[in-house]
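Participant: Dropping the structure in here first, questions after.
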Amino acid sequence: LTSDTFAGHPRGGQTSEERGIAVPVREVAGGIWSITVPLSPGVLSVYLVRGTSLALIDTGYLYTLPAIDTELRTLGLSFADVDLVLMTHGHPDHVGACAEIGGRRSLVHRDDLALLGGPAAHLASDLELSHVMRALDRDKEARTRERFVHDSVGAAVTGAEALDDGQVVDLGAGRRLTVVHTPGHTPGSAVLLAEPDGVAFTGDAVQAWGGRPGVLPLYADPVAYRASLDRIAELDPHTLALGHPYRWSGGGSTPDVIRTGPAARATLRESVTYAETARAAVARVLDSAPLTAAELAQRTIDELGAPYWTGGPGWEAASAQALLALAHSLGWRPAE
Ligand SMILES: [Zn+2]
């Protein structure tokens, strides 16, 4: 891998694709690239960071490997060039193809390390969305989800390394990634801050209004998620490089995953406002009669309204995870 491996690739100049992926490969800063690929449903962005070593941040699922490989080749690269795979957190869309990519080192925060154990590790985790689906009495959806995790997550990762808060991963050529533990979305969510660039790879630690219409911000620990937003704001990153194109006031119908300067600060502010609005909405809903999990989620989502919930055919079960966690933190127990 040489410094001109990336040379000649036009900044932001790629063909348009369906599903709002206007720019599948984009140079975020010199030697930092986003690669955006379709999920079913949605979109995921992974990142390349070049020092003298090449780091890939997040992996996608098994089924997104071919699309990422295609985009790597437009940069004159392949998975064989990846030295380090760093993961912002342990959710299956961010770690699911780690073993198959085969970087020389694989690293994730200590508190999500167990999620590198293949499909069985995800299905056994409290974080797994099939548990939310069952709490909502969506059993058929839960079974479909379990099959999906089984088919879309690759092998257990051997020799993975635990990251800790404050750790610095030196990529060489003056570029380093500092680990900032930002739990909430998952226990081991961590922002990887590229310096000297000031680019913060946030994974799903900053979600503004949620991933898509019908999907509200998703987090397992509401108190930790809210506190982590403050921690990220204190870093005052020049650029947020998000894991998905989270909706916000400036995004229109196809929000960008890269938010710089005022857009980065607004995305953080709007993430805080959502977290506090959701907490207040759950507290109001809990003042009424005893509620099942499905009733609690539906009434809270009705209460939230626009711009967070804009109607449509229905809300995805993922939207309920944070709302149920908020209700539990306020003393709610589901009605029988
Ligand atoms: Zn996630």
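Participant: Sort out which residues of region 303-320 are more than 21 Å from Arg134 (Cα to Cα) and part of a helix (DSSP H, G or I), and write them in order of number. Steps first, answer last, please.
Facilitator: At the first step, the residues of region 303-320 found to be more than 21 Å from Arg134 (Cα to Cα) are 303-312.
Answer for region 303-320, where residues must be more than 21 Å from Arg134 (Cα to Cα) and part of a helix (DSSP H, G or I): Glu303, Leu304.
Participant: For region 180-197, which residues satisfy the criterion of being within 16 Å of the ligand (Cβ to nearest atom) and either touching an Asp or Glu at 6+ places or on another chain (Cβ under 6 Å) or not aliphatic (A, V, I, L, M) (or both)?
Facilitator: His181, Thr182, Pro183, Gly184, His185, Thr186, Pro187, Gly188, Ser189 - these are the residues of region 180-197 that are within 16 Å of the ligand (Cβ to nearest atom) and either touching an Asp or Glu at 6+ places or on another chain (Cβ under 6 Å) or not aliphatic (A, V, I, L, M) (or both).
Participant: Give the residue, chosen from Ala205, Ala220, Ala233, Ala224, that is of a type in the set (A, V, I, L, M, F, W, C) and either modelled with pLDDT under 95 or under 25 Å from Pro38 (Cβ atoms) (or both).
Facilitator: Ala205 is the lone residue from the list that is of a type in the set (A, V, I, L, M, F, W, C) and either modelled with pLDDT under 95 or under 25 Å from Pro38 (Cβ atoms) (or both).
Participant: For the structure I just gave you, tell me whether Ala317 is in contact with a Pro (Cβ under 7 Å, 6 or more places away or on another chain) and either surrounded by 14 or more Cβ atoms within 10 Å (Cβ to Cβ) or among the aliphatic types (A, V, I, L, M) (or both). Give the steps one after another, and end with the answer.
Facilitator: Numbers: in contact with a Pro (Cβ under 7 Å, 6 or more places away or on another chain): no; either surrounded by 14 or more Cβ atoms within 10 Å (Cβ to Cβ) or among the aliphatic types (A, V, I, L, M) (or both): yes.
No: the conditions fail for Ala317.
Participant: Within region 229-252, work out how many residues are within 13 Å of the ligand (Cβ to nearest atom) and either assigned to a loop (DSSP other than H, G, I, E, B) or open to solvent by 10 Å² or more (accessible area, probe 1.4 Å) (or both). Quick ask: steps written out before the conclusion?
Facilitator: Initially, region 229-252 is screened for residues within 13 Å of the ligand (Cβ to nearest atom), giving 242-244, 246.
After this cut, where a residue has to be either assigned to a loop (DSSP other than H, G, I, E, B) or open to solvent by 10 Å² or more (accessible area, probe 1.4 Å) (or both) as well, the list is 243-244, 246.
Residues meeting the conditions: 3.
Participant: State all residues of region 158-175 that are free of Cβ contacts under 8 Å to residues at least 60 places away in the same chain and under 22 Å from Ile32 (Cα atoms); if no residue qualifies, say none. Can you show your working first?
Facilitator: If we filter region 158-175 for residues that are free of Cβ contacts under 8 Å to residues at least 60 places away in the same chain, which is where we start, we get 158-159, 161-162, 164-168.
Within region 158-175, Gly166, Gln167, Val168 qualify.
Participant: Here are some residues: Val82, Val132, Val149. Which one is surrounded by fewer than 23 Cβ atoms within 10 Å (Cβ to Cβ), within 24 Å of Ala325 (Cα to Cα), of a type in the set (A, V, I, L, M) and in contact with a Leu (Cβ under 8 Å, 6 or more places away or on another chain)?
Facilitator: Working: Val82 fails: within 24 Å of Ala325 (Cα to Cα); Val132 fails: surrounded by fewer than 23 Cβ atoms within 10 Å (Cβ to Cβ).
On inspection, the qualifying residue turns out to be Val149.
Participant: Could you tell me whether Val206 is buried (at least 22 other Cβ atoms within 10 Å of the Cβ) and in a loop (DSSP other than H, G, I, E, B)? Step through it out loud before you land on a result.
Facilitator: Working: buried (at least 22 other Cβ atoms within 10 Å of the Cβ): yes; in a loop (DSSP other than H, G, I, E, B): yes.
Criteria met by Val206.
Participant: Can you confirm whether Asp221 is open to solvent by 20 Å² or more (accessible area, probe 1.4 Å), in contact (Cβ under 8 Å) with a residue 60 or more places away in the chain and within 14 Å of the ligand (Cβ to nearest atom)?
Facilitator: Working: open to solvent by 20 Å² or more (accessible area, probe 1.4 Å): yes; in contact (Cβ under 8 Å) with a residue 60 or more places away in the chain: yes; within 14 Å of the ligand (Cβ to nearest atom): yes.
So Asp221 passes the test.
Participant: Looking only at helices (runs of 4 or more DSSP H) that lie completely in region 70-150, which have at least 2 residues being closer than 25 Å to Gly188 by Cα and within 16 Å of the ligand (Cβ to nearest atom)? So that I can check it myself, show each step before the final result.
Facilitator: On the way: elements: 92-95, 98-101, 119-124, 129-135.
Those helices (runs of 4 or more DSSP H) span 92-95, 119-124, 129-135.
Participant: I'd like to know if region 287-306 contains one or more residues that are open to solvent by less than 30 Å² (accessible area, probe 1.4 Å), polar (S, T, N, Q), at pLDDT 95 or above and in contact with a His (Cβ under 9 Å, 6 or more places away or on another chain). So that I can check it myself, show each step before the final result.
Facilitator: Of all residues in region 287-306, those open to solvent by less than 30 Å² (accessible area, probe 1.4 Å) come to 291, 293, 296-297, 300-301, 304-305.
Now narrow it down to the ones that are polar (S, T, N, Q): 300.
Now restrict to residues that are at pLDDT 95 or above: 300.
Cutting the leftovers down to in contact with a His (Cβ under 9 Å, 6 or more places away or on another chain) gives us none.
Within region 287-306 (the criterion being open to solvent by less than 30 Å² (accessible area, probe 1.4 Å), polar (S, T, N, Q), at pLDDT 95 or above and in contact with a His (Cβ under 9 Å, 6 or more places away or on another chain)), the answer is no, since none of the residues qualifies.
Participant: Within region 60-69, track down each residue that is in a helix (DSSP H, G or I) and either buried (at least 17 other Cβ atoms within 10 Å of the Cβ) or within 14 Å of the ligand (Cβ to nearest atom) (or both). Let's see the steps before the verdict.
Facilitator: Let us first name the residues in region 60-69 that are in a helix (DSSP H, G or I), namely 62-69.
Listed by number, the residues that qualify are Leu62, Thr64, Leu65, Ala67, Ile68.
Participant: Looking at (1) farther than 26 Å from Val23 by Cα; (2) surrounded by fewer than 22 Cβ atoms within 10 Å (Cβ to Cβ); (3) out of contact with any strand residue (DSSP E or B) (no Cβ under 7 Å at 6 or more places or on another chain); (4) not charged (D, E, K, R), which one does Tyr274 not meet, given that it meets all the others?
Facilitator: With respect to (1) farther than 26 Å from Val23 by Cα; (2) surrounded by fewer than 22 Cβ atoms within 10 Å (Cβ to Cβ); (3) out of contact with any strand residue (DSSP E or B) (no Cβ under 7 Å at 6 or more places or on another chain); (4) not charged (D, E, K, R), Tyr274 is out only on (2).
The values are calculated or read from the model by the stated rules, or taken from the named source; none is laboratory data. These numbers come from a predicted model, not from an experiment. Reconstructed Cβ throughout: ideal geometry from the backbone, glycine too, with neighbour counts over all protein chains shown. Surface accessibility is based on the protein's heavy atoms, side chains included, excluding ligands, DNA and RNA. Shrake-Rupley method; radii C 1.70, N 1.55, O 1.52, S 1.80 Å.
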